[in-house]
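The values are calculated or read from the model by the stated rules, or taken from the named source; none is laboratory data. Just so it is clear, the model here is predicted, and its values are computed rather than measured. Virtual Cβ from ideal backbone geometry, glycine too; neighbours counted across all protein chains shown.
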There are 2 protein chains.
Amino acid sequence: MARAVLVPLWLCWALGCAAPPNVVLLLMDDMGWGDLGAFGEPSKETPNLDQMASEGMLFLDFYAANPLCSPSYTPQDIVGGIQDSEILLPELLKKAGYTNKIIGKWHLGHRPQFHPLKHGFDEWFGSPNCHFGPYDNRALPNIPVYRDWEMIGRYYEDFKIDLRTGEANLTQIYLQEALDFISKQQASQQPFFLYWAIDATHAPVYASKHFLGTSQRGRYGDAVREIDDSVGKILKHLQKLGISENTFVFFTSDNGAALISAPKQGGSNGPFLCGKQTTFEGGMREPAIAWWPGHIPAGSVSRQLGSVMDLFTTSLSLVGLQPPSDRQIDGIDLLPAILQGKLIDRPIFYYRGNEMMAVRVGLYKAHYWTWSNSWEDYSKGIDFCPGQNVSGVTTHLQEEHSTLPLLFHLGRDPGEKYPLSFASDEYQGVMRRISAVVQQHKDTMVPGVPQLNVCDKAVMNWSPPGCEKLGKCLKPPKSDPKKCFWSH
Amino acid sequence: MARAVLVPLWLCWALGCAAPPNVVLLLMDDMGWGDLGAFGEPSKETPNLDQMASEGMLFLDFYAANPLCSPSYTPQDIVGGIQDSEILLPELLKKAGYTNKIIGKWHLGHRPQFHPLKHGFDEWFGSPNCHFGPYDNRALPNIPVYRDWEMIGRYYEDFKIDLRTGEANLTQIYLQEALDFISKQQASQQPFFLYWAIDATHAPVYASKHFLGTSQRGRYGDAVREIDDSVGKILKHLQKLGISENTFVFFTSDNGAALISAPKQGGSNGPFLCGKQTTFEGGMREPAIAWWPGHIPAGSVSRQLGSVMDLFTTSLSLVGLQPPSDRQIDGIDLLPAILQGKLIDRPIFYYRGNEMMAVRVGLYKAHYWTWSNSWEDYSKGIDFCPGQNVSGVTTHLQEEHSTLPLLFHLGRDPGEKYPLSFASDEYQGVMRRISAVVQQHKDTMVPGVPQLNVCDKAVMNWSPPGCEKLGKCLKPPKSDPKKCFWSH
């Protein structure tokens, strides 16, 4: 269990030091680096996010932990999920007096033992899986929507998503949930953690009627505009309640834009190579903004290499807590970068499944493996790098380069088009440095236990808690667990 | 000659109306849409240009007239140049009492009759051609640098450009020329037009010692940083002199980034397809900023389809002049877009040589011809679309699509990767509209007389005016004019 060293906040408060800040994490689904005006989206349709950046700090080099959502695409028949041995941020915050709410997609297991309220959250409104199919096919259960412990309906039945028009009110519902939670917490003077995990930009993308057809970018842009509007309303709500200077807000995305869904249902990775599911920059570099008026200098820009994993350590640091000391923690505390503009030297590792595909050290990125997607998928028209083809880099075979990694300078070549010459002094010098970093990483790596490799149709969302009250229980088939593999 | 209808400015001034604004046009060479932080360059190294945008208006959809500099690449042995029958902006402004200066590259002919001071400019500091070779090869003349009527030296001899290190002081010299000219004009209370045509971002790219090695982006980025710094100093100078509210400044570039020079000497076209020399968006969409404190709302963004040709009509409008009425003028007056946020419906035509390759109407772009570059060049490693390959779009043959143009929606698909289905209602409806626009364009087209198709080694810069005083006259060979062709 947690060995977090708690700073005695009651003592701090008694002594008159500032109350610990609320923490709001706005996590988008499949939104790409290039989807925000502030990051060069050519329609510039995100005025609220752009203003958030101009009032806060824009991160240029912020990475997802993995080029997939969960970090693996987890269909409903996956047996596994988050383990009790893992210590989640809300578990630690709870001990410090925080009320924690998740709104939107959980995606860390849908079976009872994985329920977010068993892992530190106090409230939940949202769904355990992504909002795509089975689209009202009663032969398989539609994804349930929960309020706290119990389901209150299912997608496509009680929470409509019109696949033809793209109309759904979900982002509006999630927005209202956020505003209400913030108001309630402010009224009760309780510090809070809000995790707002929005999936409108994951195919099938959706927007409410008011936003449909309003973007130059089509339906995907409509979804982005509604999210942008909602983020603006959340920030304004914090300001109106007078708690913006005591609320740390961070906006980012879970992986790069899903170019397989472009152009109608996929976003943009700006100048970067490929997209979701790959370890090129387009797959893992994310839009990121930190906002905390009165603490973060307005309009600042950070080149700190950051990772979504850092939000764990950073949030703890904000609250005055230490991360657990009984295990290796991969994230770092970004507060020195955010509050003092410091640059912390740290590598970024790019994983696909269990394979370390690439590593970034400073401005250099070395690919130990390259792979876009298989010839088999590619021949069916599935393309993770549409319109892009860098010879020897966007390979359709899994190609190993461990002996002579492909090296790119991401300052001169953010699009990963021009590998450095193996014979150059620059290559030799940089690879010496990177090899040491990789060696240390491999030496200290503690492999995780795979959670997502057993499937069983019986574990799907047939009869979530609460289904009886709604008459929405479905009969599961007989249990038949087997090994399964999700391409990543 | 000019039939401009002059508003009697002296009368206006006598009646107490505002003095006509100074006009400053900052024109970059080969700088791409994606090279500015405000347009999503991932190193965000242009704080001054980004601030110019935040104080002025950013144009998202602004185009070069042609994907090449001049609009054709004009080596020294080109016989032609700007004709006397053409009426240039400074000629008209001069009649309205303006003093006009060009600093930097002229590139509209280097023979005596084409001299900028014969075409409306009062002062010149710079060169008639681009600053590349012949790199001190005395067998061919190095490009001369002029002050007004006479040359004062030559590149690589008197104005050093170190090809190994990239060091050159030229941008600093051009900056100082601009500051001095502005000071002089302000002191004499004379309205002015300053055309600052900077070529540090054209290969071989250069920067002064202070800026070399300071960019994350390598030498190209060093050049951009020096230009950014210089633009900041020019704007601050206008503010310090108290004339910023009476000076209209426009920043843009002459064509897309030259990807053939990437990654070390070429820029970025952000999310757009291909680069310089092509009629894809990467070849012609340009960074553009209008700045006029007190007149242009700070931080505004315009989606007006604009063209560098509009700066002629717009500048005349600013001064209260009408464009010549004896000829077809392709540019429009952008002031309603700039000052009142209006959107003027107008097409953009994409030419390569004499061929209308594509047209943009609203968010749609129809390609009547596709061509990246020839198989012959491509097989030699010359690639106008490095790392990009859109099947049937980035063709190495000149492919005609006049019967069924390739149609793209630039909002959903700014990267021109997904042609609309010919059978779709959207295609049919849009092409009806576009066909009418193209028909009208072709009906009213007055073809120009080619100026750049005869070459003669004898016309090169052997003995520019002033060479005698410097002992820098070279002996030209015997005249031998012949037809020549520049690939475009």
* Taking the stated definitions as given, is residue B:164 out of contact with any Lys or Arg (no Cβ under 7 Å at 6 or more places or on another chain), among the charged types (D, E, K, R) and over 22 Å from residue B:461 (Cβ atoms)? -> yes
* Structure fact -> Scanning region A:93-151 residue by residue, those under 25 Å from residue A:458 (Cβ atoms), in contact (Cβ under 8 Å) with a residue 60 or more places away in the chain and of a type in the set (Lys, Arg) turn out to be A:105, A:111, A:138
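Taking the stated definitions as given, is residue B:225 of a type in the set (Lys, Arg) and surrounded by fewer than 18 Cβ atoms within 10 Å (Cβ to Cβ)? Step through it out loud before you land on a result.
Values: of a type in the set (Lys, Arg): yes; surrounded by fewer than 18 Cβ atoms within 10 Å (Cβ to Cβ): no.
Against the criterion (of a type in the set (Lys, Arg) and surrounded by fewer than 18 Cβ atoms within 10 Å (Cβ to Cβ)), residue B:225 does not qualify.
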* **Residue pairs meeting the criteria (Cβ under 7 Å; at least 6 apart or on separate chains; first surrounded by fewer than 19 Cβ atoms within 10 Å (Cβ to Cβ), in region A:182-196; second part of a helix (DSSP H, G or I) and at pLDDT 95 or above)** => none
* Structure fact -> Residues of region A:61-80 being surrounded by 22 or more Cβ atoms within 10 Å (Cβ to Cβ) and either at positive phi or at pLDDT 95 or above (or both), in sequence order, are A:62, A:63, A:64
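In region B:166-180, is there at least one residue being within 14 Å of chain A (Cβ to nearest Cβ), in contact (Cβ under 8 Å) with a residue 24 or more places away in the chain, of a type outside the set (Asp, Glu) and part of a loop (DSSP other than H, G, I, E, B)? Before the answer, list the steps.
Taking region B:166-180 as the starting set, the residues that turn out to be within 14 Å of chain A (Cβ to nearest Cβ) are B:166.
Retained after the next criterion (residues that are in contact (Cβ under 8 Å) with a residue 24 or more places away in the chain): B:166.
Remaining after also requiring of a type outside the set (Asp, Glu): B:166.
With the extra rule that they be part of a loop (DSSP other than H, G, I, E, B), the set shrinks to B:166.
Scanning region B:166-180, I find at least one residue that is within 14 Å of chain A (Cβ to nearest Cβ), in contact (Cβ under 8 Å) with a residue 24 or more places away in the chain, of a type outside the set (Asp, Glu) and part of a loop (DSSP other than H, G, I, E, B), so the answer is yes.
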* Asked: Taking region B:82-97, which residues are part of a loop (DSSP other than H, G, I, E, B) and either hydrophobic (A, V, I, L, M, F, W, C) or surrounded by 23 or more Cβ atoms within 10 Å (Cβ to Cβ) (or both)?
  -> B:82, B:87, B:88, B:96
* Asked: If you scan region A:17-44, which residues turn out to be surrounded by fewer than 24 Cβ atoms within 10 Å (Cβ to Cβ), more than 9 Å from chain B (Cβ to nearest Cβ), touching a residue at least 24 places away in the same chain (Cβ under 8 Å) and outside any strand (DSSP E or B)?
  -> A:18, A:19, A:20, A:21
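Determine if region A:352-371 includes at least one residue that is closer than 22 Å to residue A:251 by Cα and of a type outside the set (A, V, I, L, M). Give the steps one after another, and end with the answer.
First, pick out the residues of region A:352-371 that are closer than 22 Å to residue A:251 by Cα: none.
No, that holds for no residue.
Considering only residues that are more than 24 Å from residue A:444 (Cα to Cα) and of a type in the set (S, T, N, Q), which ones fall in region A:341-400? Break it down into steps so the answer makes sense when it comes.
So in region A:341-400, the residues more than 24 Å from residue A:444 (Cα to Cα) come out as A:341-342, A:371-399.
If the condition is that a residue be more than 24 Å from residue A:444 (Cα to Cα) and of a type in the set (S, T, N, Q), then A:372, A:373, A:374, A:379, A:388, A:389, A:391, A:394, A:395, A:398 are the ones that fit.
Return yes when residue B:101 is within 18 Å of the chain's Cα centre (by Cα) and not in a loop (DSSP other than H, G, I, E, B) and no when it is not. Full working, then the answer.
Working: within 18 Å of the chain's Cα centre (by Cα): yes; not in a loop (DSSP other than H, G, I, E, B): yes.
Criteria met by residue B:101.
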* To do: Could you run through region A:77-135 and say how many residues are over 30 Å from residue A:333 (Cβ atoms) and among the hydroxyl-bearing types (Ser, Thr, Tyr)?
  => 2
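What number of residues within region B:50-104 satisfy the criterion of being within 14 Å of another protein chain (Cβ to nearest Cβ) and either acidic (Asp, Glu) or in contact with a Cys (Cβ under 6 Å, 6 or more places away or on another chain) (or both)? Please lay out each step first, then the result.
Quick first cut of region B:50-104, residues within 14 Å of another protein chain (Cβ to nearest Cβ) only: B:50-51, B:53-55, B:57-63.
Filter once more, keeping what is either acidic (Asp, Glu) or in contact with a Cys (Cβ under 6 Å, 6 or more places away or on another chain) (or both): B:50, B:55, B:61.
Residues flagged as within 14 Å of another protein chain (Cβ to nearest Cβ) and either acidic (Asp, Glu) or in contact with a Cys (Cβ under 6 Å, 6 or more places away or on another chain) (or both) within region B:50-104 amount to 3.
Test residue A:138 against the stated conditions and say whether it is basic (Lys, Arg), more than 30 Å from residue A:98 (Cα to Cα) and more than 22 Å from the chain's Cα centre (by Cα).
yes
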* Among residues of region B:336-363, those that are among the hydroxyl-bearing types (Ser, Thr, Tyr) and buried (at least 21 other Cβ atoms within 10 Å of the Cβ), counted -> 1
* Asked: In region B:135-156, is there at least one residue being within 28 Å of residue B:22 (Cβ to Cβ), out of contact with any Lys or Arg (no Cβ under 7 Å at 6 or more places or on another chain), basic (Lys, Arg) and not in a strand (DSSP E or B)?
  -> no
* For residue A:255, are the conditions met, namely being surrounded by 24 or more Cβ atoms within 10 Å (Cβ to Cβ), away from every other protein chain (no Cβ under 14 Å), farther than 13 Å from residue A:55 by Cβ and not acidic (Asp, Glu)? -> yes
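Mind checking which residues of region B:141-180 are hydrophobic (A, V, I, L, M, F, W, C) and surrounded by fewer than 20 Cβ atoms within 10 Å (Cβ to Cβ)? I'd like the intermediate steps shown before the answer.
Within region B:141-180, the first condition is being hydrophobic (A, V, I, L, M, F, W, C), and the residues that meet it are B:143, B:145, B:149, B:151-152, B:159, B:161, B:163, B:168, B:170, B:173, B:175, B:178-179.
Selection gives B:149, B:152, B:159, B:163, B:173, B:179.
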* Identify the residue in region A:190-211 that is of a type in the set (Gly, Ala, Ser) and under 17 Å from the mean Cα position of the chain (by Cα) and, among all such residues, is modelled with the lowest pLDDT. => A:203
* Name the one entry in A:120, A:126 that is part of a strand (DSSP E or B), buried (at least 19 other Cβ atoms within 10 Å of the Cβ), among the small types (Gly, Ala, Ser) and touching a strand residue (DSSP E or B) at 6+ places or on another chain (Cβ under 8 Å). => A:126
* Answer yes or no as to whether residue A:286 is away from every other protein chain (no Cβ under 11 Å) and closer than 27 Å to residue A:396 by Cα. => yes
* To do: Please determine, by comparing only the residues of region B:382-407 that are over 27 Å from the mean Cα position of the chain (by Cα) and among the small types (Gly, Ala, Ser), which one is farthest from residue A:391 (Cα to Cα).
  => B:402
* **When residues of region B:298-319 are limited to those that are within 14 Å of chain A (Cβ to nearest Cβ) and either hydrophobic (A, V, I, L, M, F, W, C) or more than 22 Å from the chain's Cα centre (by Cα) (or both), the one nearest to residue B:243 (Cα to Cα)** => B:298
* Asked: Residues in region A:312-326 that are surrounded by fewer than 21 Cβ atoms within 10 Å (Cβ to Cβ) and of a type in the set (A, V, I, L, M, F, W, C): how many?
  -> 0
* Residue list for region B:397-427, restricted to those being within 14 Å of chain A (Cβ to nearest Cβ), farther than 20 Å from residue A:394 by Cα and not acidic (Asp, Glu) -> B:406, B:407, B:408, B:409, B:410, B:411, B:412, B:414, B:419, B:420, B:421, B:424
* Report, by residue number, each residue of region A:453-488 that is within 21 Å of residue A:113 (Cβ to Cβ), touching a residue at least 24 places away in the same chain (Cβ under 8 Å) and surrounded by fewer than 13 Cβ atoms within 10 Å (Cβ to Cβ). => A:480, A:482, A:483
